[in-house]
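Please treat every number below as a calculation from the coordinates, not as lab data. Not measured: the values here are computed from a predicted model. Here the Cβ is made from the backbone with ideal geometry for all residues, glycine too, and neighbour counts use every protein chain on show.
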Ligand code: BMA
């Protein structure tokens, strides 16, 4: 691992705390958690499952798309900005999408966004209500003010659409998780590619839930989390796994390494979780026992990683780790 190479732009000032002296965990929580309270907006019931990226604008160094459910419990996407990645100014107005084909640009609801910079544009993917059914919406922006909506990537029902940060084999690449209309009791991760961000195909299976006796936290369903991170060992993917317990679903997250050129080929997959709901803000809220990662920031030179995750479908938490240690953990606890 001495020769490990981590891709990405330098981010030396990213949010960071060292592992507490008493901790033996691979990932540890931010002492300021939850970093975003549920009522940051005048009309927000909850703010969670949200995505951030480095983005310079005036005093700000980061931008994000936030899932803000309002007090009607309508799922909406809002833009936010931050100087330090910890304290966020989220706009009260939800985002408006422009330019879509009229058949597609009929906003119903949007949730669980991801954001990625590919070449000179920021692409947002989210779970988009199309005639009331979930599929993967896509839009791009270069200023976090105007969002240009493209075609939905897939047919309903689908969730957890996560783009790779560059073309692979000359095509855009996306992970997704075909689902049902509701609280899906199954879920595999698939890979799809597109020459133009409009037509998606060449669908490949990446991973199914794990056998219960090998790794129960991911035995019911799984879904891609943040945008994969390119390293010389493969794409580092954090993904959520769900365990259907006698008291309902429990959402934790772990890690996998995917082949760089054929990312549907899994090199290693963690049998142990990286983080599982145990703090009060992860176990108490609108949906108890949910840790749902949607974004990371990382600094290639130091290997520092910060993971933004939704907690109990109510607030946003932040956890830290080191990419080389997470790769080593993924291989050490590999269940393949
Ligand atoms: C999933 C999505 C997520 C949510 C999770 C737990 O199906 O709705 O937004 O965090 O369930 O409720």
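Using 5 Å bins from zero, what percent of all Cα-Cα pairs in the range 177-314 falls into each bin?
Using 5 Å bins, I get a P(r) of 2, 10, 18, 22, 21, 14, 9, 4, 1 for the range 177-314.
When a footprinting reagent is the concern and you count Cβ atoms within 10 Å, what order do 297, 155, 257 take, fewest first?
Values: 297 21, 155 12, 257 25.
Going from least to most buried by this count: 155, 297, 257.
How do 298, 148 line up, fewest other C-beta atoms within 10 Å first? Show your work: numbers first, answer last.
Working: 298 23, 148 16.
With the fewest neighbours first, 298, 148 line up as 148, 298.
Size of the range 79-186 along its principal axes in angstrom, Cα-based, largest extent first?
39, 38, 30
To the nearest 0.05, how large is the calculated FRET efficiency for residue 284 and residue 60 if R₀ is 41 Å and r is the Cβ-Cβ distance?
Details: r = 32 Å, r/R0 = 0.77.
For residue 284 and residue 60, the calculated efficiency is 0.85.
Report the FRET efficiency, 1/(1 + (r/R0)^6), for residue 247 and residue 32, where r is their Cβ-Cβ distance and R0 is 30 Å, rounded to 0.05. Don't jump to the answer; show the numbers that get you there.
Working: r = 29 Å, r/R0 = 0.97.
The value I calculate is 0.55.
Per the Cauchy relation, a quarter of the hull surface: what is the mean projected area of the convex hull of the alpha carbons in the range 1-65, in nm²? Don't skip to the end; give the middle numbers.
Details: hull surface 29.0 nm².
Its Cα hull, projected and averaged over all orientations, spans 7.3 nm².
How many angstrom lie between the C-alpha centres of the range 158-209 and the range 243-302?
For the range 158-209 versus the range 243-302, the Cα centre distance is 17 Å.
What ranking do 239, 273 get, fewest neighbouring Cβ atoms within 10 angstrom at the top?
Working: 239 26, 273 22.
Going from sparsest to densest Cβ surroundings: 273, 239.
After finding the eigenvalues of the alpha carbon gyration tensor for the chain, what semi-axes result from the square roots of 5 times each, listed largest first in whole Å?
Values: eigenvalues 133, 104, 92 Å².
The answer is 26, 23, 21 Å, longest axis first.
Calculate, for residue 142 and residue 302, the FRET efficiency according to 1/(1 + (r/R0)^6) with r their C-beta to C-beta distance and R0 25 Å; round to the nearest 0.05. Don't jump to the answer; show the numbers that get you there.
On the way: r = 28 Å, r/R0 = 1.14.
So the FRET efficiency works out to roughly 0.30.
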